[in-house]
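Below: the structure, in structure tokens.
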Amino acid sequence: MADIRVFGAGIFGLSIAWACARRGAAVEVVDPHGIGAGSSGGLVGALAPHVPENWNIKKQVQFESLDAAEAFWAEVARAGGEDPGYARGGRLQPVTDAAALALARAREGGAADLWQGKYSWRVVPEDDFPGLLSSPTGWLIHDTLSARMHPRRACAALAAAIRARGGRIRAEPSDGPALEVWATGAAGLEELTQARGRLVGTGVKGQAALLRADLRDAPQLFAEALHIVPHADGTTAIGSTTERDYDDPTATDAQLDALVETARRLCPALRDAPVIERWAGLRPRSRSRAPMLGAHPLRPGAFIANGGFKIGFGMAPGIAAMMADLVLERTDRIPEAFRPEASL
Ligand SMILES: Cc1cc2nc3c(=O)[nH]c(=O)nc-3n(C[C@H](O)[C@H](O)[C@H](O)COP(=O)(O)OP(=O)(O)OC[C@H]3O[C@@H](n4cnc5c(N)ncnc54)[C@H](O)[C@@H]3O)c2cc1C
């Protein structure tokens, strides 16, 4: 019999189930669509921080989660024997003009302080990373906090780790009572919106592409709002569009072609790289834009973990630990800004 029943086998549900299983709970994950069937089954997997300034609780929690990611994914890999594709390879961003250069240099100190001396944000000459990213000023920002994971492999690795601890992943819930955690992504936010009769959260569509380009040892790139994320398997992902209006949440179109063209212009190494997959999904975005964690607004006694929006992969280790504390130990360390009430 399960102690904890998690609905939703995306990165939130699987990470929470794993965090509970590693503490000894009997867990069951229920998803009629399978593992990584939602937003978490995508291609990109950038674990990237906000700029190190104007610090707030969201940035602090995100920093702690990114900081915890290496140990989190290493333990998942050890427990289940599957590789989540995690690596802390850093990130490059172009510096577009003199004002941006001054700002980027000012942030070097902010990073040293706010990132606790563990990671750096430095302005470096473009020549330090030849052929990767052209920058109008000849300068790049290089941070060493950014990391990557492979979304689908990370979901599979979590599933393997959960099973290795005796947990189950099923299409339908088993009989018997259990503490419930609802991590059902965009569908869960739409359910809340319907029940409340006003916007509580929704799915925001994103399209991404995978190119055959082996940049596995290079940092990820971020330019013109585009993430270019090299994976360890000789592929490089690029993403993403942000679409509030759409007919088909899983269709790709000319907007993705435009992204691919931008990526080829920005990164010479991608110029002739063939596109091997196109993908689209719905990011779960709460009204507050922050994660939504705590007591479920519609289901008495149950919990919710939703609203990962654009940084769900990066937030997963931190959120999983917070939710395991809440569900298993009734220790509530959820910041006010992350409570469901912030979006109700
Ligand atoms: C194009 C794109 C690129 C992205 N890139 C990044 C990135 O680089 N870095 C990053 O950090 N984030 C990124 N994101 C965001 C990230 O994908 C999401 O924040 C994250 O996947 C959300 O995880 P989730 O588990 O909450 O939701 P989901 O992965 O959507 O999982 C929800 C699950 O619930 C299941 N479900 C629905 N209804 C039920 C039910 N009634 N019972 C049981 N199960 C149910 C679904 O089948 C699904 O598997 C990207 C998103 C997109 C779309």
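If region 257-344 were replaced by its equivalent ellipsoid, with semi-axes equal to the square roots of 5 times the Cα gyration tensor eigenvalues, what would those be, largest first, whole Å?
37, 14, 11
Roughly how many Å² is the accessible area per residue of the chain, as a whole number, for a 1.4 Å probe?
41 Å²
Quick query: amide H of Leu47 versus all other amide H atoms, modeled in the peptide plane; which residues come in under 5 Å with a sequence gap of 5 or more or a different chain?
Ala147, Arg148, Met149
What is the set of long-range amide H partners of Gly201 at a cut-off below 5 Å, with H atoms built 1.01 Å from backbone N?
Amide H to amide H, under 5 Å and 5 or more residues apart or across chains, Gly201 pairs with Thr193, Arg287.
I need to check one value: relative contact order of region 1-121, counting alpha carbon pairs closer than 8 Å and at least 6 residues apart, in percent. Display every interim value, and only then the final one.
Details: 101 pairs, mean separation 22.2, N = 121.
Rounded, it is 18 percent for region 1-121.
In the chain, with Lys and Arg counted as +1 and Asp and Glu as -1 at Cβ, which of these residues, Val229, Leu215, Ala160, has the Cα nearest the positive end of the dipole, that is, farthest along it?
Ala160
When the helices in the chain are scored as -39500 (n - 2.57) per DSSP H run of 4 or longer and the sum is shared across all residues, what 222 nm value do you end up with, to the nearest 500 deg cm²/dmol?
-10500 deg cm²/dmol
Note down the relative contact order for the chain as a percent, whole number, built from C-alpha pairs under 8 angstrom at least six residues apart.
Relative contact order of the chain: 24 percent.
Hey, could you get me the Stokes-Einstein D for region 159-264, Kirkwood radius over alpha-carbon pairs, 4 °C and 1.567 mPa s, rounded to whole µm² s⁻¹?
Estimated diffusion coefficient is 75 µm²/s.
Relative contact order of region 68-175, please, whole-number percent, based on alpha carbon pairs below 8 angstrom and at least 6 residues apart. Spell out each step's value before the answer.
Working: 167 pairs, mean separation 43.0, N = 108.
RCO, region 68-175: 40 percent.
How do the peptides 90-97, 47-54 rank, highest first, by the average count of neighbouring beta carbon atoms within 10 Å per residue?
Answer by packing, highest mean first, reads 90-97, 47-54.
Expressed as a whole percentage, what fraction of the accessible surface of the chain belongs to carbon and sulfur atoms when a 1.4 Å probe is rolled over the protein heavy atoms?
Carbon and sulfur together cover 50 percent of it.
Give me a comma-separated list of calculated 3J(HN,Hα) values for region 87-100, in order, Karplus coefficients 6.51, -1.76, 1.60 applied at θ = phi - 60°, integers in Hz, x for any Gly or Pro.
Per residue, the Karplus-derived 3J(HN,Hα) values read 7, 9, x, x, 8, 10, 10, x, 10, 7, 7, 5, 5, 5 Hz.
Amide H neighbours of Val6 under 5 Å, at least 5 residues apart or on other chains, H built in the peptide plane: list them.
Those lying under 5 Å, H to H, from Val6 are Glu28, Val29, Val30, Val181.
Suppose every Lys and Arg Cβ carries +1 and every Asp and Glu Cβ carries -1, with no other charges. What dipole size does the chain come out with about its Cα centre, to the nearest 20 debye?
Values: 38 positive and 40 negative charges, 100 e Å.
Computed charge dipole of the chain: roughly 480 debye.
How large are Rg and Dmax for the chain when calculated on the C-alpha trace, in angstrom?
Calculated on Cα positions, Rg and Dmax stand at 19.8, 63 Å.
Which residue, chosen from Leu114, Ala100, Thr137, occupies the Cα position most advanced towards the positive end of the dipole of region 89-140, where the dipole is computed from +1 (Lys, Arg) and -1 (Asp, Glu) charges on Cβ about the Cα centre?
Leu114
Lysines near Lys310 by alpha-carbon distance under 23 Å, same-chain residues fewer than 8 away left out - which ones?
Qualifying lysines at Cα under 23 Å: Lys58, Lys59, Lys205.
The values are calculated or read from the model by the stated rules, or taken from the named source; none is laboratory data. All of these numbers come straight from a predicted model, not from anything done at the bench. Cβ: placed from backbone, ideal geometry, glycine included. Neighbour counts: every protein chain shown. Surface areas here come from the heavy atoms of the whole protein model, side chains and all, with no ligands, DNA or RNA. Shrake-Rupley method; radii C 1.70, N 1.55, O 1.52, S 1.80 Å.
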